[in-house]
Amino acid sequence: MIRADHEFYCSNTAPINHKIRLRHEESPSHIKSALDMSYGKHWDEINNKCTLLLSQSFKNQSTVNHTSYTLEFSLQVPEKNLNYRTQLLHSHLRRLGSESSTHLKINYNNLMPLVAGLHWKSSPTDPLQKKWEGTFNMDTPWLYIHTAHKLSQLQQHTLQLTSELTASKWLTVRNLMLEGFYRDRGREREARLEVYTPAVTYVQAGGWGVVGKRSVKASCSLSSLWTPLLRGDVSLESSKFSHILQVASTYGEHNLSLAAALNTRDKTLKKRQVTLKVTLSKPRSPPTELEFEGTVEELRKDKKMYQKTAVLHLRSVS
C-alpha cells in the first residue's frame, strides 16, 4: 500500500489552498488507486464542497479455463454537479468450445448515456465444420442497436455468414439481414453477398473467378433497390505467341464489350499484330462499333540496314 499526502496553505491566496491525498493498493487479484483533493476557501473543513475524487480499480478473477477482468473508473466533482463512472467487464470461458462476453456501462449524473455488450461463442463441433455465434447490443438515449451474427465453416475452405440488424429510437430498422458466402477451391473462388429484409431486397452482389495455368476468367454482378443490374465478365488467355483479352459489361439495357488481341504471326520476321474491337449497344438504337488494327513487321536487320514497317487501320460504325 502506498499513501501520500500534500497540503498547501497561504492566507493571502485562499482560492488556491488545497489538500491532496493519494492512495494506491495492489494484490495478486486487485489493483486500486484513489485521489482525493479538497481546495478553496474551506479546504480543510470536512463539509467542504470544493472537492475532487478520482478513483480507478482493476480486478482479475481469472482461473485456469476462465479469464475474467473488471475495470472501473470514477470521477466526482460536487461543486460542478459532476458524477461520472465507467465500468468495463470482460469474461472468456474455454471448455470444449469457447465463450466470450464484454460489457461497457457509462453512468453520468445517475443517467446511462451508453450501455453496450458483445457476446460471442463457438460450438464444439467437427473440426471441419466450425460454427461461431455472437450478438452485439448498444443502448443510448438516441439510438438502440441489436445485431446477431452467425459464421459457419461448412467445409475446409467454405465460409457462410449471416447477420441481422435491428435499430430503434432515432433510426428505425427492422430485421435487416446480411448473408455472405465464400468458397475457395484452389484455382476457383466464389463469393456472394446479399442485404435484404423479409419484404425488400436492397443489395445483391456476387463474384466468381478461375485462375488457370495460362488463363484467368472472372465474373461479377451487382444489383440494388435503386440501380439496375450491373454485370461484368473478364477473360484473359495467353499462349506462346498470342494474348487475348475479352471484357463484357451490362448495366441495365446498356451493353459494352471489348476484345483485344496481340499475336506474333511470324517469329522469324518478328511480325506482330494488335487488334481491338469495342461495341456499345443501347435500347432502340443501332450498336456503335470501333475497330483498331495495327501491324508491325521487321523486314531487315543487318550491319548495313535496319528496316521496319507498320500499318494502322481504324474503322468506326454507328
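Quick note: the coordinates plus some simple rules give every number you see, no bench work behind them. What you are looking at is a predicted structure, and each value in this text was computed from that prediction instead of being measured. When we count neighbours, we look across all protein chains shown, and the Cβ atoms used for this are built from the backbone with ideal geometry, even at glycine.
Within the stretch 79-124, the trypsin sites (Lys or Arg not before Pro) that combine a DSSP coil assignment with at most 14 other C-beta atoms in a 10 angstrom radius are 95.
A Cβ-based charge dipole, computed about the Cα centre of the stretch 241-318 with Lys and Arg at +1 and Asp and Glu at -1, lands at about 500 debye. Cα centroid separation, the stretch 1-43 to the stretch 71-133: 31 Å. The equivalent ellipsoid of the chain has semi-axes of 69, 28, 25 Å, largest first, where each one is the square root of 5 times an eigenvalue of the Cα gyration tensor.
The residue among 110, 203, 310 whose Cα reaches farthest toward the positive pole of the charge dipole of the chain, with charges on the beta-carbon of Lys, Arg, Asp and Glu, is 310.
When the charge dipole of the stretch 196-292 is built from unit charges on Cβ atoms (+1 for Lys and Arg, -1 for Asp and Glu) and taken about the Cα centre, the candidate among 279, 292, 225 whose Cα reaches farthest toward its positive end is 292. For the residue pairs 240/308; 150/213; 217/277; 105/131; 217/308, the C-alpha atoms sit more than 31 angstrom apart in 150/213; 217/308.
Listed by Cβ neighbour count within 10 Å, with the fewest neighbours leading, 138, 112 appear as 112, 138. When you filter the chymotrypsin sites (Phe, Trp or Tyr not before Pro) in the stretch 17-80 for DSSP loop state and at most 14 other Cβ atoms inside 10 Å of their Cβ, nothing is left.
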